C-alpha cells in the first residue's frame with residue numbers, strides 16, 4: 001500500500017518537473033544538493049520543495065522532509081499530492097494524529113483526478129487501521145476502490161482490514177473482485193489465506209496442492225498447507241510440513257543479509273510448531289530488517305508472560 005502511494009507520487013513528480021531530473025543512479029544525496037542549489041538561484045517553489053522532500057524521505061530524514069512539505073503546502077495549499085506526501089511522511093514519523101488531519105484536509109480539496117482522491121483515501125485507511133479504527137478504514141478502502149479498481153495492493157489493504165473485522169465472506173468476495181479487475185498473482189495467494197482464515201480448509205488445500213507441484217520455492221506453501229491441516233485436526237501431518245518448510249527456508253536464507261519474507265515465514269513456522277523462543281527471535285530479526293508494522297502484534301503476543309509465568313512471580 002505504502003509503496004503504491006509513494007510510486008504514484010514519484011511518477012507525478014517525474015512527469016511535472018520541467019527541468020530534467022538527475023539520473024537515479026546518482027542517488028538522493030546528489031539530488032538534494034542539486035535541488036537546494038536550484039532553490040538558492042531561483043527561489044523556493046512547492047514543486048522543488050516537494051521533490052526534495054521525497055529524496056529526504058528515501059534517506060529516512062523525516063524531519064527534513066516534513067519541514068519541506070509544510071513549506072510546500074503553504075505555497076500550494078490546493079495540491080492533493082503534496083498533502084498526500086506530507087501525510088505519508090508524518091505517518092512514517094509515527095505522528096498518526098497529525099497525518100490523519102493533513103490527509104482529511106487534503107480530501108476536502110477539489111480534484112479532477114479520481115486517482116488522487118483514491119490515493120488519499122487509501123492512505124487515510126492505512127492510518128485508521130494503525131489506530132484500530134477498522135470500520136472507518138474499510139469505508140475509505142471501499143470509496144477508493146470505487147474510484148480506482150486496478151491497484152492490487154489496495155485490495156490487499158481492504159482484505160487485511162476485513163480479516164481484522166472477521167468479515168470472512170466479504171473478504172473473499174472482495175479478493176475475487178480484485179483478481180477479476182487486476183489479474184494479480186498476489187491476490188491469488190491472498191485468496192488462499194482468506195479461505196484458511198474462513199475455515200474453508202478443503203478448498204484451500206485443493207489450490208495449495210497444485211501450487212506445491214508447480215512452485216520452486218515451497219516453504220510458504222508448506223506453511224499454508226500446515227495451517228489448513230491444523231484446521232482439519234491433522235496435527236502430525238501439519239508438523240511435518242512445518243519442519244520441511246523450515247528446512248526449505250534455511251537453504252535460501254542468507255544469514256548475513258536475510259530477507260524479510262523468509263524471516264516472517266521462519267517465524268510463523270516456529271510459532272505454529274509452538275516453538276515460542278525461536279519464533280520470537282525470528283520476528284525480532286524481521287522487525288529489525290524493516291517489518292516493524294507487520295510483526296508488532298505478533299511480538300506483543302509472544303512477549304506476554306504465560307499465566308504460569310505470571311503466577312510464579314513473587
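The values are calculated or read from the model by the stated rules, or taken from the named source; none is laboratory data. Every value quoted in this text rests on a predicted model; they were computed, and no experiment measured them. Glycine also receives a Cβ, built like all others from the backbone with ideal geometry; neighbour counts cover every protein chain displayed.
Matching residues to (1) in a loop (DSSP other than H, G, I, E, B); (2) surrounded by 20 or more Cβ atoms within 10 Å (Cβ to Cβ); (3) in contact with a helix residue (DSSP H, G or I) (Cβ under 6 Å, 6 or more places away or on another chain); (4) in the same structural domain as residue 188 (by TED's automatic domain parsing):
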site	(1), (2), (3), (4)
245	no, yes, yes, no
263	no, yes, yes, no
277	no, no, no, no
280	no, no, yes, no
283	no, yes, yes, no
294	no, no, no, no
> Which residues, taken from region 38-67, are outside any helix (DSSP H, G or I) and touching a residue at least 12 places away in the same chain (Cβ under 8 Å)?
Replying inline: 44, 45, 59
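For the condition at pLDDT 95 or above and either loosely packed, with under 13 Cβ neighbours inside 10 Å or not assigned by TED's automatic domain parsing to the domain that holds residue 145 (or both), what is the one hit in 18, 23, 63?
One residue alone meets the criteria, 63.
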> Can you tell me which residues in region 122-145 are free of Cβ contacts under 8 Å to residues at least 24 places away in the same chain and part of a helix (DSSP H, G or I)?
Replying inline: 136, 139, 140, 141, 142
>> Please go through region 146-157 and give me each residue that is part of a helix (DSSP H, G or I), surrounded by fewer than 22 Cβ atoms within 10 Å (Cβ to Cβ) and without any contact (Cβ under 8 Å) to a residue 40 or more places away in the chain, ordered by number.
In response: 146, 147, 152
>> Go through region 80-109 and report how many residues are touching a residue at least 24 places away in the same chain (Cβ under 8 Å), under 19 Å from residue 147 (Cβ atoms) and not in a helix (DSSP H, G or I).
In response: 1
> List the pairs whose first member sits in region 192-205 and is free of Cβ contacts under 8 Å to residues at least 12 places away in the same chain, whose second member is in a helix (DSSP H, G or I), and whose Cβ atoms are under 7 Å apart, counting only residues at least 6 apart or on separate chains?
Replying inline: 203/195
